[in-house]
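Below is one structure, written out as structure tokens; comments come after it.
The values are calculated or read from the model by the stated rules, or taken from the named source; none is laboratory data. All values derive from a computational prediction rather than experimental measurement. Here Cβ is always computed from backbone atoms with ideal geometry, including for glycine, and neighbour counts include all displayed protein chains. Ligands, DNA and RNA are stripped out before the accessible areas are found, and what is left, the full protein with its side chains, is counted by its heavy atoms. Shrake-Rupley method; radii C 1.70, N 1.55, O 1.52, S 1.80 Å.
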Amino acid sequence: MALRINDTAPNFSADTTEGTIDFHEWIGDSYAILFSHPKDFTPVCTTEFGAAAQLADEFAKRNTKVIGISVDSVEEHKKWKADVESFSGAKMGFPIIADDELKIAKLYDMLPAEAYLPDGRTPADTATVRTTFIINPQKKIELMLIYPMSVGRNFDEILRALDAIQIAKDTPIATPANWRPGDDVIVALSLTTDQAKEKFGEVKEVFPYLRTVKAPE
């Protein structure tokens, strides 16, 4: 079965650049971003890990832990880490999971069950290992983004989506297209307009089904 939003993120134990972890225990009471890569020492992935390293403070503000996964060994990850830090000018303070046996890539439905690593493999052999997951403190999957090999991830969008997920948590709102923090939000259809006014104050009714309010503090 393919993973879907609201599914429990599969748990696993794995070796990382910061020791062995139990994934659910590692997440704890935080949000988590798990982003996967087909191979170390590849150009697009180096820029992506660098971008994540540069945003360490932004993720910390959002109670969010970041963890990478690549289908190479811990030893290779540690060597590659030096390149990432040199390129980005930022310390890479998050772990990278070693998935050289493809167990996690298959557990998270990024590779078919019969996939294996041939001798002399190239990134093309694991090209589908290009998914980003946002996971909440209840260990539920909130978002999945899948990128092709040629397209570097937009970490501004990942942060924006994380903000949108967090602002709507336990509040009957949604965020419109291109929403940014501070913009108005949409009232959920579960509330009548009168209920929305009572809860949020002023309501702008564009259509009976599209009503906006100021974003909650």
Scanning region 35-47 residue by residue, those buried (at least 22 other Cβ atoms within 10 Å of the Cβ) and touching a Pro at 6+ places or on another chain (Cβ under 9 Å) turn out to be His37, Pro38, Cys45
If you scan region 104-146, which residues turn out to be out of contact with any Gly (no Cβ under 8 Å at 6 or more places or on another chain), at pLDDT 90 or above, surrounded by fewer than 18 Cβ atoms within 10 Å (Cβ to Cβ) and not in a strand (DSSP E or B)? Leu107, Gln138, Lys139
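Each row is one residue, and each column tells you yes or no for (1) open to solvent by 50 Å² or more (accessible area, probe 1.4 Å); (2) outside any helix (DSSP H, G or I).
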site: Arg4; (1), (2): yes, yes
site: Ile21; (1), (2): no, yes
site: Ile33; (1), (2): no, yes
site: Phe49; (1), (2): no, no
site: Ala52; (1), (2): no, no
site: Glu58; (1), (2): yes, no
site: Val66; (1), (2): no, yes
site: Ile69; (1), (2): no, yes
Scanning region 153-194 for residues that are open to solvent by 90 Å² or more (accessible area, probe 1.4 Å) and not in a loop (DSSP other than H, G, I, E, B), the one farthest from Ala52 (Cα to Cα) turns out to be Asp194
Looking at the structure I just gave you, is Val84 closer than 22 Å to Arg160 by Cα and open to solvent by less than 30 Å² (accessible area, probe 1.4 Å)? no
Taking region 147-196 and keeping only residues that are hydroxyl-bearing (Ser, Thr, Tyr) and at pLDDT below 95, one is left with Tyr147, Ser150
Select, from Ala51, Ala60, Ala98, the only residue that is more than 13 Å from Leu34 (Cβ to Cβ), touching a Lys or Arg at 6+ places or on another chain (Cβ under 9 Å), at pLDDT 90 or above and not β-branched (Val, Ile, Thr). Ala51
